[in-house]
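Enquirer: One structure is given below, represented as structure tokens, and several questions about it will come after.
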Amino acid sequence: MSNDPLLQPFQLKHLTLRNRIIVTAHEPAYPEDGMPKARYRAYHVERAKGGVAMTMTAGSAAVSKDSPPVFNNLLVYKDEVVPWMRELTDAVHEHGAAVMIQLTHLGRRTRWDKEFWLPVVSPSHHREAAHRAFPKKMEDWDIERIIKDYADAAERMKAAGMDGIELQAYGHLMDQFWSPLTNELDGPYGGSLDNRLRFAFDVLREVRKRVGADFIVGVRYTGDEMLEGGLTKADGLEISRRLKDSGMVDFLNVIRGHIDTDAGLTDVIPIQGMANSPHLDFAGEIRKATNFPTFHAAKIPDVATARHAIASGKLDMVGMTRAHLADPHLVRKIAEKREEDIRPCVGANYCLDRIYQGGAAYCIHNAATGRELSMPHSVTKADARKKIVIVGAGPGGLEAARVAGERGHEVVVFEAAGDPGGQIRLTAQSERRKEMISIVDWRTAQCEKRGVVFRFNTWADVETVRAESPDVVIIATGGYPHTEVLSSGNEFVVSSWDIISGDVRPGTNVLVYDDAGDHAGLQAAEILAKARAKVEIMTPDRSFAPEVMAMNLTPYMRSLQKLDVTFTVTYRLEAVEKSGNELIAHVGSDYGGVAKQRRFDQVVINHGTIPLDELYFELKPSSTNLGEMSHEQLVAGIPQSVVRNPEGEFQLFRIGDAVAARNTHAAIYDALRLLKDV
Ligand SMILES: Cc1cc2nc3c(=O)[nH]c(=O)nc-3n(C[C@H](O)[C@H](O)[C@H](O)COP(=O)(O)O)c2cc1C
Ligand code: SF4
């Protein structure tokens, strides 16, 4: 048996967890009608197959009707959840993992204009900044009702055969009772710490009555709100002791911080550019003070840190949650001593930000996550070996090469630059986004293992491609910055990428006109402001940088606000003219009736890219499919069979930004779903 601390079993009451790595609660927004159906099940089963010890399903599964999901969560107040959960539990157990669920009432952390239009409730009228609802201050009958709801939900989960439950108490109703900042009740549930904790212990007591002493019940809670007037570390330690001493709790799952703002949430779940494992020592202190099973997760993306967390005795179980979104087979690869094959989580937080933007969680560079029913995490070998030529070694081209290599094909990649990575290589030059380079490095290493041949510094033309006698050609040439958006004066502007790459020196008084709303605009603004330019970001949209999304915006704002960058929304840059050393920006608005002139010495445009598609169009006549991709076959997951030119020499496809400006995930998904069937 291995002596790796991470691979030692852990005894939690009667339950033997097969190793020390868990997936903590995270709602990927995959439920259908509030139920964990096939997609949800497949997602957790994949992690179980990959060797994780325990997977915590849901995340904020709703125990009451007045706790409506903000995006899409499991509705555990419905009886019909039991058979669905039973199916999931059985399927996960088949692969040797334990499976639990996080239950909660969101309190004020939701909205009232959801399914039943019930008022949002909390122990005070204080609104939460992130979700904006003004809550009703709870009455005695609200408290009684919700305690019963928790117990009903717990009973359903036991009936579904689950290994346990976890009650959520950070930023949700339970700790809204705990925190002096959000509890203004008098009497039994407000005032002293004893009173503020009463709700949680009443819930635990009621839950225990229903599930008995043997069922596993944990609490995931904040041990220090890190907010003036909020719960302190001393409070957290006291609460930890009381949870243990109550005899009603089997594990502590420790969080540090508060989540009532986007910035607070980002400190609890740090993203790329922020320190790794920032709250690990804190969780270790709680474990030391309580000597009780302690779980914790917060940006422990790499195996070495996880191993240290266990070996040093700071934790009993280490959460590697986003790490499992990126690679569900992480534990198996540790056990097989193939740590270098683990697809790294780069902290891009596309997964989390996206659920709030109304969609399901997807990993920026694992397109199979959340698509387990249609996309493979490991592709199978092809029946016949083909010659595949790929032009472009950006994320799409590299993913195509990786997948084709894994299928056993002979693969050649042409890249005009000296290194792989395309736009990601530029992006990763920013200190805060340097983790992005792992998207490139991991793929390059995987390709090399599979014998993919790279020809860097090579501008591929029609002859270069034809000389390879390929069966399939993939054009992944990306795009070039699109700046021709003005009615006049396009020749006076530069692109955000010119600034990011360092090709153009920063001006001193700069307008960043951003109507793409993605990272490049903000990244350019930050580079400019750090070079001491006075910077204004202007957009015709209602909010700036909508594609960057909430948590990713946090580090930008922390930097840009300090650098005094200003933000102007709802104005459109129409034209630029030169006047001596200055540029006059003509500014209008889609709302009409505005015509202003502003003076700058540099205008930077961020407006996505235009496809670099020349080679594709030149190759088209030589291809059998004349470049056509059958969407029917692509979506159905079957090989492409379009033949429009029987005389053609090869199949030709283009992917990623070479088709249209999109994002990294789109390019990687294009590549995976096409190449897995080639
Ligand atoms: C898509 C997503 C949804 C999440 N939802 C919840 C949730 O509902 N409840 C919860 O306690 N934590 C939630 N989390 C936080 C995770 O449990 C975990 O604390 C966080 O991702 C930090 O751990 P990691 O760095 O290992 O990913 C969510 C995380 C992700 C990525
Ligand atoms: S999107 Fe980013 S943070 Fe989320 S799992 Fe993937 S790599 Fe990790």
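The values are calculated or read from the model by the stated rules, or taken from the named source; none is laboratory data. Nothing here was measured: the structure is a model prediction, and the numbers come from that model. Note that each Cβ is placed from the backbone with ideal geometry, even for glycine, and that neighbours are counted across all protein chains shown.
Enquirer: Taking the range 328-363, which residues are part of a loop (DSSP other than H, G, I, E, B) and within 12 Å of ligand 1 (Cβ to nearest atom)? Give the derivation first.
Expert: Residues of the range 328-363 part of a loop (DSSP other than H, G, I, E, B): 328-329, 336-338, 342-349, 357-362.
Across the range 328-363, the qualifying residues are C345, V346, G347, A348, N349, Q357, G359, A360, A361, Y362.
Enquirer: Go through (1) among the aliphatic types (A, V, I, L, M); (2) in contact (Cβ under 8 Å) with a residue 24 or more places away in the chain; (3) surrounded by fewer than 24 Cβ atoms within 10 Å (Cβ to Cβ) for V391 and report which single condition fails.
Expert: It is condition (3) that V391 fails.
Enquirer: Restricting to the range 17-31, give me the number of residues that are more than 10 Å from ligand 1 (Cβ to nearest atom) and small (G, A, S).
Expert: Qualifying residue count, the range 17-31: 0.
Enquirer: Conditions: (1) surrounded by fewer than 19 Cβ atoms within 10 Å (Cβ to Cβ); (2) within 12 Å of ligand 1 (Cβ to nearest atom). I271 meets all but one. Number of the miss?
Expert: (1)
Enquirer: Same structure, new question: Which residue is farthest from A417 (Cα to Cα), if the candidates are limited to the range 453-486 and must be under 30 Å from the mean Cα position of the chain (by Cα) and buried (at least 19 other Cβ atoms within 10 Å of the Cβ)? Steps first, please.
Expert: Start the filter on the range 453-486 by keeping residues that are under 30 Å from the mean Cα position of the chain (by Cα), which leaves 474-483.
Narrowing the set further to residues that are buried (at least 19 other Cβ atoms within 10 Å of the Cβ) leaves 474-479, 481, 483.
Working: I474: 17, I475: 15, A476: 13, T477: 11, G478: 12, G479: 14, P481: 16, T483: 22 Å.
That would be T483.
Enquirer: Also: Restricting to the range 161-195, what's the tally of residues that are hydrophobic (A, V, I, L, M, F, W, C) and in contact with an Asp or Glu (Cβ under 9 Å, 6 or more places away or on another chain)?
Expert: Of the range 161-195, the ones hydrophobic (A, V, I, L, M, F, W, C) are 162, 165, 167, 169, 173-174, 177-178, 181, 185, 193.
Now narrow it down to the ones that are in contact with an Asp or Glu (Cβ under 9 Å, 6 or more places away or on another chain): 169, 178, 181, 193.
Total meeting the criteria: 4.
Enquirer: Of all residues in the range 295-309, count the ones that are surrounded by 22 or more Cβ atoms within 10 Å (Cβ to Cβ) and away from ligand 1 (no atom under 14 Å from the Cβ).
Expert: Number satisfying all stated conditions: 0.
Enquirer: Looking at G273, is it closer than 25 Å to R558 by Cβ and not in a loop (DSSP other than H, G, I, E, B)?
Expert: Details: closer than 25 Å to R558 by Cβ: yes; not in a loop (DSSP other than H, G, I, E, B): no.
Criteria not met by G273.
Enquirer: In addition: In the range 218-234, what residues are within 21 Å of T104 (Cβ to Cβ) and not in a loop (DSSP other than H, G, I, E, B)?
Expert: G218, V219, R220, Y221, T222
Enquirer: Please list, ordered by first then second residue, the pairs with beta carbon atoms under 6 Å, 6 or more apart or interchain, first in the range 343-355 and over 13 Å from I439 (Cα atoms), second part of a loop (DSSP other than H, G, I, E, B) and within 6 Å of ligand 2 (Cβ to nearest atom).
Expert: Once the first residue is over 13 Å from I439 (Cα atoms) and sits in the range 343-355, its partners that are part of a loop (DSSP other than H, G, I, E, B) and within 6 Å of ligand 2 (Cβ to nearest atom) give Y350/I364.
Enquirer: Of these, A401, A382, which one is touching a residue at least 24 places away in the same chain (Cβ under 8 Å), outside any helix (DSSP H, G or I) and either more than 24 Å from D302 (Cα to Cα) or within 16 Å of ligand 2 (Cβ to nearest atom) (or both)? Let's see the steps before the verdict.
Expert: Values: A401 fails: outside any helix (DSSP H, G or I).
After ruling out the rest, the residue left standing is A382.
Enquirer: Given the criterion within 12 Å of ligand 2 (Cβ to nearest atom), out of contact with any Pro (no Cβ under 7 Å at 6 or more places or on another chain) and among the basic types (K, R), identify the matching residue among R332, R343, R371. If you could, list the steps in order and put the result at the bottom.
Expert: Details: R332 fails: within 12 Å of ligand 2 (Cβ to nearest atom); R371 fails: within 12 Å of ligand 2 (Cβ to nearest atom).
Matching residue, one of R332, R343, R371: R343.
Enquirer: Anything in the range 61-83 that is surrounded by fewer than 23 Cβ atoms within 10 Å (Cβ to Cβ), within 26 Å of the chain's Cα centre (by Cα) and in contact (Cβ under 8 Å) with a residue 60 or more places away in the chain? List them, or say none.
Expert: The answer is V70, F71, N72.
Enquirer: Out of A404, A445, which single residue is buried (at least 24 other Cβ atoms within 10 Å of the Cβ), within 18 Å of S378 (Cβ to Cβ) and at pLDDT 95 or above? Outline the logic, then answer.
Expert: On the way: A445 fails: buried (at least 24 other Cβ atoms within 10 Å of the Cβ).
Every option except A404 fails the conditions.
Enquirer: Among the residues of the range 391-398, is there at least one that is in contact with a helix residue (DSSP H, G or I) (Cβ under 8 Å, 6 or more places away or on another chain), farther than 30 Å from V659 by Cβ and more than 16 Å from ligand 1 (Cβ to nearest atom)?
Expert: Of the residues in the range 391-398, the ones in contact with a helix residue (DSSP H, G or I) (Cβ under 8 Å, 6 or more places away or on another chain) are 391-398.
Narrowing the set further to residues that are farther than 30 Å from V659 by Cβ leaves none.
Among the residues of the range 391-398, not one is in contact with a helix residue (DSSP H, G or I) (Cβ under 8 Å, 6 or more places away or on another chain), farther than 30 Å from V659 by Cβ and more than 16 Å from ligand 1 (Cβ to nearest atom), which makes the answer no.
Enquirer: Something else now. Can you tell me which condition V635 does not meet? The list is (1) without any contact (Cβ under 8 Å) to a residue 12 or more places away in the chain; (2) of a type in the set (V, I, T); (3) assigned to a strand (DSSP E or B), and all the others hold.
Expert: Here V635 meets the rest and fails (3).
Enquirer: Further question on the same structure: When you check G96 against the structure, is it in contact with a Leu (Cβ under 7 Å, 6 or more places away or on another chain), away from ligand 2 (no atom under 16 Å from the Cβ) and either assigned to a loop (DSSP other than H, G, I, E, B) or in contact (Cβ under 8 Å) with a residue 12 or more places away in the chain (or both), yes or no?
Expert: Working: in contact with a Leu (Cβ under 7 Å, 6 or more places away or on another chain): no; away from ligand 2 (no atom under 16 Å from the Cβ): yes; either assigned to a loop (DSSP other than H, G, I, E, B) or in contact (Cβ under 8 Å) with a residue 12 or more places away in the chain (or both): yes.
No.
Enquirer: Here's something else I'd like to know. Taking T380 and the conditions (1) within 16 Å of ligand 1 (Cβ to nearest atom); (2) more than 18 Å from the chain's Cα centre (by Cα); (3) β-branched (V, I, T), which numbered condition does it fall short on, given that it satisfies the others?
Expert: The one condition T380 does not meet is (1).
Enquirer: Continuing with the same structure: Name the single residue, out of those in the range 310-324 being surrounded by fewer than 23 Cβ atoms within 10 Å (Cβ to Cβ) and free of Cβ contacts under 8 Å to residues at least 60 places away in the same chain, that is farthest from ligand 1 (Cβ to nearest atom). Quick ask: steps written out before the conclusion?
Expert: Within the range 310-324, the subset surrounded by fewer than 23 Cβ atoms within 10 Å (Cβ to Cβ) is 310-314, 316.
Filter once more, so that each one left must be free of Cβ contacts under 8 Å to residues at least 60 places away in the same chain: 312-314.
Values: S312: 18, G313: 19, K314: 15 Å.
That would be G313.
Enquirer: Please verify whether T89 is of a type in the set (S, T, Y), surrounded by fewer than 24 Cβ atoms within 10 Å (Cβ to Cβ) and either more than 17 Å from E155 (Cβ to Cβ) or at pLDDT 95 or above (or both), treating the condition exactly as stated.
Expert: Working: of a type in the set (S, T, Y): yes; surrounded by fewer than 24 Cβ atoms within 10 Å (Cβ to Cβ): yes; either more than 17 Å from E155 (Cβ to Cβ) or at pLDDT 95 or above (or both): yes.
So T89 passes the test.
Enquirer: Residues of the range 301-328 being within 14 Å of ligand 2 (Cβ to nearest atom), under 22 Å from G59 (Cβ atoms) and of a type outside the set (S, T, Y), which ones?
Expert: Taking the range 301-328 first, the residues within 14 Å of ligand 2 (Cβ to nearest atom) are 301-302, 319-328.
Then drop every residue that is not under 22 Å from G59 (Cβ atoms), which leaves 301, 319-328.
Of everything in the range 301-328, those that are within 14 Å of ligand 2 (Cβ to nearest atom), under 22 Å from G59 (Cβ atoms) and of a type outside the set (S, T, Y) turn out to be P301, G319, M320, R322, A323, H324, L325, A326, D327, P328.
Enquirer: Quick one: P278 ticks every box in (1) more than 17 Å from Y170 (Cβ to Cβ); (2) outside any helix (DSSP H, G or I) bar one, so which box is it?
Expert: In the conditions (1) more than 17 Å from Y170 (Cβ to Cβ); (2) outside any helix (DSSP H, G or I), P278 misses (1) alone.
Enquirer: Oh, and also: Can you tell me which residue within the range 299-319, out of those that are assigned to a loop (DSSP other than H, G, I, E, B) and touching a helix residue (DSSP H, G or I) at 6+ places or on another chain (Cβ under 6 Å), is farthest from V254 (Cα to Cα)?
Expert: Restricting attention to the range 299-319, the residues satisfying the condition of being assigned to a loop (DSSP other than H, G, I, E, B) are 299-302, 312-316.
Narrowing further to those that are touching a helix residue (DSSP H, G or I) at 6+ places or on another chain (Cβ under 6 Å): 300-301, 314-315.
Details: I300: 14, P301: 17, K314: 11, L315: 10 Å.
The qualifying residue farthest from V254 (Cα to Cα) is P301.
Enquirer: Restricting to the range 167-203, and then to whatever is farther than 25 Å from A263 by Cα and among the acidic types (D, E), can you tell me which residue is farthest from the chain's Cα centre (by Cα)? Full working, then the answer.
Expert: Residues of the range 167-203 farther than 25 Å from A263 by Cα: 185-203.
Imposing the further condition that a residue be among the acidic types (D, E) reduces the set to 186, 194, 202.
Details: D186: 40, D194: 37, D202: 35 Å.
Top of the filtered list is D186.
Enquirer: May I pose another question? Would you check if Q523 is in contact with a Lys or Arg (Cβ under 8 Å, 6 or more places away or on another chain) and either polar (S, T, N, Q) or farther than 21 Å from K596 by Cβ (or both)?
Expert: Numbers: in contact with a Lys or Arg (Cβ under 8 Å, 6 or more places away or on another chain): yes; either polar (S, T, N, Q) or farther than 21 Å from K596 by Cβ (or both): yes.
So Q523 fits the description; yes.
Enquirer: Given (1) closer than 24 Å to K530 by Cβ; (2) surrounded by 15 or more Cβ atoms within 10 Å (Cβ to Cβ); (3) within 31 Å of the chain's Cα centre (by Cα), identify the lone condition not met by L583.
Expert: Answer for L583: the failing condition is (3).
Enquirer: Go through the range 550-596 and count every residue that is out of contact with any helix residue (DSSP H, G or I) (no Cβ under 7 Å at 6 or more places or on another chain), part of a loop (DSSP other than H, G, I, E, B) and of a type in the set (V, I, T).
Expert: The total comes to 2.
Enquirer: Hey, could you check the range 657-678 for residues that are part of a helix (DSSP H, G or I) and over 16 Å from V635 (Cα atoms) and say which is farthest from ligand 1 (Cβ to nearest atom)? First the steps, then the outcome.
Expert: Filtering the range 657-678 for residues part of a helix (DSSP H, G or I) gives 657-658, 664-675.
Now narrow it down to the ones that are over 16 Å from V635 (Cα atoms): 657-658, 664-665.
Numbers: D657: 26, A658: 30, T664: 17, H665: 14 Å.
Top of the filtered list is A658.
Enquirer: Do we find that D341 is within 14 Å of the chain's Cα centre (by Cα) and either at pLDDT 95 or above or among the acidic types (D, E) (or both) in this structure?
Expert: Considered against the rule, which asks whether it is within 14 Å of the chain's Cα centre (by Cα) and either at pLDDT 95 or above or among the acidic types (D, E) (or both), D341 comes out as no.
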